[in-house]
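A quick write-up on the structure given underneath.
The values are calculated or read from the model by the stated rules, or taken from the named source; none is laboratory data. Since the structure is predicted, the reported quantities are computational estimates derived from the model, not experimental observations. Because the Cβ atoms are built from the backbone with ideal geometry, glycine has one as well, and the counts that use them run over all protein chains shown.
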Amino acid sequence: MAASLISRTPVRFAIVLAAAMALLFGLGRVASRPQAPASPGRAPVAGAPQTYAQALQAIDQRLVGHRVLAEVQGGGWLLQDRIANDALARARLTGSFDDYAAAQAALDRGFASAPKGAGPHLTQAVVDFSLHRLARAEAALDAIDHYAVKAEPEIAWEASAMRGDVGFYRGDYAAALRAYGGRQAADESASFRMAVLQSKTGHVDEALAAIDRMERASRFPTAQGLANMALQRGALELQRGNWDRAAAHFARAERLFPGFWLAEAHSAQMLALTGHRAQAIARYEAIAARSDSPEVMDALAGLYRAQGDYPRSRAWADRAGQAWTGRLAQFPEAAYGHAVEHELAFGDPKRALDLALKDHAARPYGMTSIALAWAYLANNRPADALQALAPVQASPWVSAEQHVAAAQAHALLGESGAADAEQQKALAINPRALDPAGALIWFGHS
């Protein structure tokens, strides 16, 4: 393996963190002065970036430095691996597909300069997984298994855990559990993965407890990391209809990491849900102006429609549609899921179904199956919707939305008894599952 003038240890840590975060964010709707629920309440470590702007500046400075080094040293693959991780970290902050493209470009350069049997395969697997390209991620993991020199323990562990991630998104939750369970007590990324798995299989309290343990055990808690944990807690509370607690966690994420557009979007959503719509619109528009997020644009379009302002709703929906078209052209697998939501809400039901079928083919797990069911319902195909939901209903996946979709399908088929039963199942999971305001939920839903 080629020698390097840079330390590889920080790169390994960045890869492991990025892989765990890919699992969380691959998954994709305020009360005044909410009080944050009980949590470990860790403070960010001194010396690390304390705000979104500082974090972005730090990444950009690293990118400049590493790119200069690559030019001076001839662009060896280890440096390109570091550049890819910098770009990936930036993508995690910004949500920009251009940052993912920069990561992939660096990886392409790295593989071009790597000797046979070496290269940035683990980072490639993380990027592919982040972009929902499961087959490509598996190919990169297979390459690690076939190294002439056995991969270092932490690389081998992360590759094994990522196979669990792939199993999760293929609906094989037992495989994910096996992959995560062995290291859960000693490994933060495994605990994080277990929390995600627990949250999707009906064990929300256990997932919240796992996140609390992670926060307490973190040796170097950063503002960004703590804010992400707060966002995850809020999403879990939103999942079971605890809007006040969700809002409090989202507000804490904002306080922990000021300027983080994603935390602000979650809080704006809670303003919309609780009737503070003018405030929510103002916040969303400010976020859209600097983040260029099509999901924020969709949220604005939905909110304006709820207000009865159809011209503004259409204008924002059109902007979002153009952005989703661009993302679908750039990284289609990564855009399918949210583009389905956009088409169901504002676009063409037939296009929604086409995208939902593609997303489900790429990742046949709970969320894509439920989205496919809604797409069938939008096309007046309730029997197909029930067929799409059948594997979910028979699996450990637990969400109110699967039962709401099933209730709608049964109702369209004239099966009122079955529809009522599914509604009751939904309400048992989330007492707000049938609340009309739920149409305004675009962030943190399951």
#### Entry: Residues of region 264-285 classified as acidic (Asp, Glu) and closer than 17 Å to Leu231 by Cβ, total
1
#### Entry: Cβ pairs under 6 Å, 6+ apart, first in region 241-266 and at positive phi, second modelled with pLDDT of 95 or more and charged (D, E, K, R)
Gly241/Arg432
### Query
Looking only at region 375-410, which residues are buried (at least 24 other Cβ atoms within 10 Å of the Cβ) and of a type in the set (Phe, Trp, Tyr)?
Tyr376
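Per-residue answers, yes or no, for (1) in contact with an Asp or Glu (Cβ under 6 Å, 6 or more places away or on another chain); (2) closer than 22 Å to Ser96 by Cβ; (3) at pLDDT below 95; (4) assigned to a loop (DSSP other than H, G, I, E, B):
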| residue | (1), (2), (3), (4) |
| --- | --- |
| His132 | yes, yes, no, yes |
| Ala139 | no, no, no, no |
| Lys150 | no, no, yes, yes |
| Ala156 | no, no, yes, no |
| Ala161 | no, no, yes, no |
| Gly171 | no, no, no, yes |
## Note on the structure
Ala280 meets each of (1) of a type outside the set (Phe, Trp, Tyr); (2) under 18 Å from the mean Cα position of the chain (by Cα); (3) surrounded by 23 or more Cβ atoms within 10 Å (Cβ to Cβ) with one exception, condition (2)
### Task
Identify the residue in region 188-221 that is closer than 25 Å to Thr368 by Cβ and of a type in the set (S, T, N, Q) and, among all such residues, is surrounded by the fewest Cβ atoms within 10 Å (Cβ to Cβ).
Thr201
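If I go through region 351-368 residue by residue, how many of them are buried (at least 24 other Cβ atoms within 10 Å of the Cβ), out of contact with any Ser or Thr (no Cβ under 9 Å at 6 or more places or on another chain) and not aliphatic (A, V, I, L, M)?
First, pick out the residues of region 351-368 that are buried (at least 24 other Cβ atoms within 10 Å of the Cβ): 352, 355-356, 359, 366, 368.
Among the residues that remain, those that are also out of contact with any Ser or Thr (no Cβ under 9 Å at 6 or more places or on another chain) are: 352, 355, 368.
So of that shortlist, the ones also not aliphatic (A, V, I, L, M) come out as 368.
Of the residues in that region, 1 qualify.
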## Note on the structure
With criteria (1) touching a helix residue (DSSP H, G or I) at 6+ places or on another chain (Cβ under 7 Å); (2) closer than 20 Å to Ala437 by Cα, Pro258 comes up short on (2)
#### Entry: Complete set of residues in region 380-429 that are more than 27 Å from the chain's Cα centre (by Cα) and not in a helix (DSSP H, G or I)
Asn380, Arg381, Leu413, Gly414, Glu415
### Message
Would you confirm whether or not region 289-303 contains a residue that is crowded, with 24+ Cβ neighbours inside 10 Å and among the polar types (S, T, N, Q)?
### Response
no
### Task
Among the residues of region 73-124, count how many are under 30 Å from Ala263 (Cα atoms) and not in a helix (DSSP H, G or I).
2
### Complete set of residues in region 247-266 that are in contact with a Gly (Cβ under 9 Å, 6 or more places away or on another chain) and surrounded by fewer than 22 Cβ atoms within 10 Å (Cβ to Cβ)
Trp261
### Task
Those residues that are at positive phi and part of a helix (DSSP H, G or I), I need them from region 195-230; list them, please.
none
### Task
Take region 237-246 and flag every residue that is assigned to a helix (DSSP H, G or I) and surrounded by fewer than 24 Cβ atoms within 10 Å (Cβ to Cβ).
Glu237, Gln239, Trp243, Asp244, Arg245
#### Entry: Subset of region 190-228 [more than 18 Å from the chain's Cα centre (by Cα) and not hydrophobic (A, V, I, L, M, F, W, C)]
Gly202, His203, Asp205, Glu206, Asp212, Arg213, Glu215, Arg216, Ser218, Arg219, Pro221, Thr222
